[in-house]
Amino acid sequence: MFFKSKLNCLLFLAASIAASTTTVAEEGYWPDGKTYCVTLTYDDGIPSQIAHALPQLKAAKMKGTFFCPGGVTYRWSQEDLDQIRDEGHELAGHTINHPCARKNDWVKPGNASEDYDDARMAKELDENLANLISNGVQSELATFAYPCGNTSIGEDKHSYVPLVKERFFAARGTQFGIEIPSQGDTDLFEVKTVAGHERDLAYQLDQVTNAREKQGWLVIMFHGVGGDHLAISADDHKEILRFLQNDDSVWVTTFQEAAAWVKSKPVATKTTAPAAADYGE
Ligand SMILES: [Zn+2]
């Protein structure tokens, strides 16, 4: 008798554990039953994004994140910025002068990342943030992308990630990869990405499928769309949106909203930034 009730008790315990495990697995990581997340990002404030990306995003009812350098490299008009904001997209930081390593032959003398010290970068980030705030961005939610994915400044190449952390909510790097935030090791100040202009459409859709299989967060980094530098064709861009539109399991959202979700989940995040890869702009 004692043996039998003990056995029943164990069976009940085993069933309870199985049930709770199933519940956690069914709940998943992403909101509203979505199984993975894709963020569409557009760098450098370039005209083809206005001409091609915006109408395609509008037709697909999707929101993107536009990392736009302010100041002298601004290539958008105020009307362009107003349109991006009014259509519900995220305007985000990318410095003022877009400092990249001196080894790039297009970097203007004096504006290489090696030419910066903390004070100069801090001033530039403050100006960048002020531009965003004047364009309707909530200061505590502003996000950032490191120009060229380069997280270091000065001849000694020291990190300026701490300056970004003091001012921004989250930041995208250019290290290749798909984040799996449920594993708790996503660094929200150097979120990995996949470059949208690389190889062909099949490769891009493979990245999306890969993110779905891993239940991860794919951040696609576009530059030109149907024109300008590092471009994807307008047709291929449209196909990526169509693929996402036809997948009920994906949450397509801005960098800020995805980062806020990841931040809100009770898993530890790394705070140290690994060395930056040097790809994309
Ligand atoms: Zn850039």
Open item on the list: I want to check the label-to-label distance for Glu127 and Lys165. Put each point 7 Å from Cα in the C-beta direction and report it in nm to one decimal.
Closed with: 2.6 nm
TODO: Could you compute the FRET efficiency for Asn246 and Arg120, with r as their C-beta to C-beta distance and R0 at 41 Å, rounded to 0.05?
DONE: 0.30
TODO: Just order 212-222, 182-192 by mean Cβ neighbour count inside 10 Å, highest at the front, would you?
DONE: 212-222, 182-192
Task: Over region 33-264, relative contact order from alpha-carbon pairs under 8 Å, at least 6 apart, % - done: 29 percent
TODO: Would you please name the trypsin sites (Lys or Arg not before Pro) within region 57-132 that are DSSP coil residues with at most 14 other C-beta atoms within 10 Å of their C-beta?
DONE: Lys61, Arg75, Arg102, Lys103
Open item on the list: Need the full-extension length gain, Ala101 to Arg85, defined as separation in residues times 0.36 nm minus the C-alpha distance. One decimal, nm.
Closed with: 2.7 nm
TODO: Report the calculated FRET efficiency for Lys157 and Asp206 (r = Cβ-Cβ distance, R0 = 25 Å), to the nearest 0.05.
DONE: 0.15
- [ ] Using label points projected 7 Å from each Cα along Cα→Cβ, tell me how many nm separate Asp228 and Glu27, to one decimal.
- [x] 4.1 nm
- [ ] For Asp185 and Lys263, compute 0.36 nm times the residue count separating them, minus their Cα-Cα distance, and round to one decimal in nm.
- [x] 26.9 nm
TODO: Decide, for region 128-168, between rounded, prolate and oblate: order the square roots of the alpha carbon gyration tensor eigenvalues as a ≥ b ≥ c, take rounded if a/c falls under 1.5, and otherwise choose prolate if a/b is larger than b/c, else oblate.
DONE: prolate
- [ ] Provide His52, His237 in ascending order of the number of other Cβ atoms located within 10 Å of each residue's Cβ, fewest first.
- [x] His52, His237
Open item on the list: Based on alpha-carbon centroids, what's the gap between region 136-185 and region 33-82 in Å, whole number please?
Closed with: 18 Å
- [ ] Counting residues in region 33-264 as N, plug N into 2.2 N^0.38 Å and put the Cα Rg over that result.
- [x] 0.96
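The numbers here are math on the coordinates, done by the rules we state, and not lab data. Just so you know, these numbers come straight off a predicted model, no measurement behind them. Cβ: placed from backbone, ideal geometry, glycine included. Neighbour counts: every protein chain shown.
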